[in-house]
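The values are calculated or read from the model by the stated rules, or taken from the named source; none is laboratory data. The structure presented is a predicted model; accordingly, all values stated were derived computationally and were not measured. Don't worry about glycine lacking a Cβ; one is built from the backbone with ideal geometry, like all the others, and counts go over all protein chains shown. What goes into the accessible areas is simple: the full protein's heavy atoms, side chains included, and nothing from ligands, DNA or RNA. Shrake-Rupley method; radii C 1.70, N 1.55, O 1.52, S 1.80 Å.
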Amino acid sequence: MSIFILEDDIIQAQALKRLVEEICQENSINYEEIHVTNKGKQIIEQISKSFTQNLYFLDIEIKKSTYNGFEVAKKIRTIDDTGLIVFITTHSEFAPISYQYMVSALTFIDKMTEPEKLKLEIEKCLVKYRQLNQKQEMNDYLFINNSHSTIKVPISDFYYAMTTEAHRLALFTQNRSLRFYGELKEVERTKNQFIRCHQSYVVNLDKICEIDHHNRELILLNGMKIPVSRRLLKSVTDCWRER
Amino acid sequence: MNAVLTIVTGFFNSNGYNIYSVVTIFLLLFYLGLSQKQQKLSLVENIYFSGLTVFLITFLQSELNKILNWLLIHSAFPVYFSTFIVLPLAVALILLGLLIMLRKKVGQVFAYLVESPLLYLSILFILVCNFFLFMAFNPESFSYQHYFWQFEFIAYPLLFLAFGLALFFFYYSFKLSNKKRLVKQKESEYYEMQRYTEKLEILHEELATFRHDYLNVLLSLDESIRSKDLKQIQQVYNEIIKPTSKIISNKELELTKLTKIKILEIKSVLSVKVIDACQQDLNVTVDIPREINQIYLDLVDFIRGVSIVIDNAIEEAAASKEKVLVIAFFEVDNELFFVVKNSCSEKIMPVDKMFQKSASTKENKLNQRGYGLFSLEQIVNHSANLMLETIVEQDYFTQIFKINKVSVNQL
């Protein structure tokens, strides 16, 4: 549970460290240590010693170094595939999406933003970091891996999935939709809180807010409505009550 | 919908020609209701569609019945009265089954049919055919029925001919519109490629002049610095160096990043979209870190899908406050990503409503809306290794195509 800062400008690095410490104190976030360095290599050596969730603030442009921030991030990912990576850069307008995907970075922070906003941004990252550490069930993912697609969605995000066509699924979270090749059965059997409520719908029981018996609809926490079949209405209601 | 109902049910209720057909037609209507909801067909299109299917199916059914009866009578099987009820039922059920199984295909063919140049002619033709079919099966509802019986020997061959023609229409308009689409696409690809090269040339010239001037600028600066002439330094900076920032921050330079795409057709289409977006004053970012040589997907499908997504994004971004459009194209491990991200206005609809056909944040302009996402969904649905992810965040909207490379190699 450590925080790493990669930054070649000593003044900026110290300022960032102070900021992180301040935010952690305000929000009572616990951490083991803050490592500040201007060498990517050092970070990579340090990681192997720690076991829990790490948070990395990486500057993309590092002078006089064999790796820039992006390459360090790639190296980090080979060792630690769950840590949070945050890029810090002077040109956030150029912050490329491809980087973000290649190393699953959390976000980009623009160095040039005003101090208050910068603090807010960093605070967001730290809060996320705390959330991750509190949630020990890190591998609680809905994971589907078939010959045509690989899906990984946090179970706490999953709302419902439906078939759109033979072998075709649409999966919904609060603000995402995924359309891919797959079978509803694959989703249904991943967790027992996922339950079939209709021939072509599987719903996350935790996300049901209300069952409308009259219209035979499930109303989910975010207002989404999905149908329940007559046949399954009773079993869905029972399972939902039990939870 | 009411008009469709009367036309379709009008056939059989008068003399009970075949109750099973009525059942078939009823279920067909059910399907029609679905298809209308999905594709947003206009009333005329819907009538045409139902007319065509009803004609084809009724005729096919009556002829199949005749053939089966004939075969049965001439076969060694014992014939009972009930067999003549069971047979039509079996035929009706088989046709119904086929129709349900192939409904998506029929829907697809029909999407082409509506675009075909023969649309109005075939509507007229189908109406006439249905009228004759009605006469043939319910002659007693007409006062001039004896005329019909008189010409029965011509009427049936004529109906046969009409059936053949209807099938031909179906097939031909499908072919024709498909061909037209391909030709159009080739043409636009060529045109887009030309525009792209022109733009590149202009950019190249600009860059060349800049490079040429740059050395001179350095020289003159060098000289003024040596002489410590602050005034001259200021002058050089204001007149020569400052304007160059315009060249450097030229949004259209994003276009040059497309050179990393080694597939000509994709490059040309994307270039047009990027130019278009620049002209609408969007802040365009193109992010293609490495060369793209292969897309592991049908090229036409890919281009169509990507075009739909980018067009939507440009339209949405242009109406938004921040006017941001980001296009990224890259590979991670065994997946190819194509990402389009755009800023959007506050009015965002929930993700699960977005793909429903009638859904659109804008007013419906003559049913034009909905076709884009309809085709997008079809493309996604028939490419097994393609995944589409849609993310709705505050002020930003992202569509991601993920193409699985591995599964293609396995095929």
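Numbers for the structure displayed
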| quantity | calculated |
| --- | --- |
| Taking N as its residue count, the alpha carbon Rg of region B:53-99 over 2.2 N^0.38 Å | 1.20 |
| Size of charge dipole - region A:81-134 - debye, nearest 20, with Cβ of Lys, Arg +1 and Asp, Glu -1, no other charges | 160 |
| Aspartates and glutamates whose Cα lies under 18 Å from that of residue A:39, excluding same-chain neighbours fewer than 8 positions away | A:7, A:8, A:9, A:59, A:61, A:71, A:80 |
| Interface burial for A against B (accessible surface, 1.4 Å probe, total of both chains, Å², rounded to 100) | 2700 |
| Violating pairs (Cα-Cα greater than 28 angstrom) within the set A:185/A:234; A:185/B:262; A:75/B:405 | A:185/B:262 |
| Two-site FRET efficiency, residue B:171 against residue A:152, from Cβ-Cβ distance with R₀ of 51 Å, rounded to 0.05 | 0.70 |
| Cα principal axis extents for region A:2-138, largest first, Å | 35, 34, 27 |
| Tensor-based shape of region A:141-242 (alpha-carbon gyration tensor, a/c under 1.5 rounded, otherwise prolate or oblate) | prolate |
| Greater than 19 Å apart at Cα, pairs in A:63/B:341; B:184/B:341; A:41/A:74; B:184/B:273; A:41/A:124; A:111/B:257 | A:63/B:341; B:184/B:341; A:41/A:124; A:111/B:257 |
| Student exercise, chain A dipole from Lys, Arg, Asp, Glu Cβ charges, in Debye to nearest 20 | 960 |
| Accessible surface, chain A, averaged per residue in Å² (probe 1.4 Å) | 52 |
| Potential lengthening between residue A:241 and residue A:199 on full extension [0.36 nm per residue; Cα-Cα distance subtracted] | 13.0 nm |
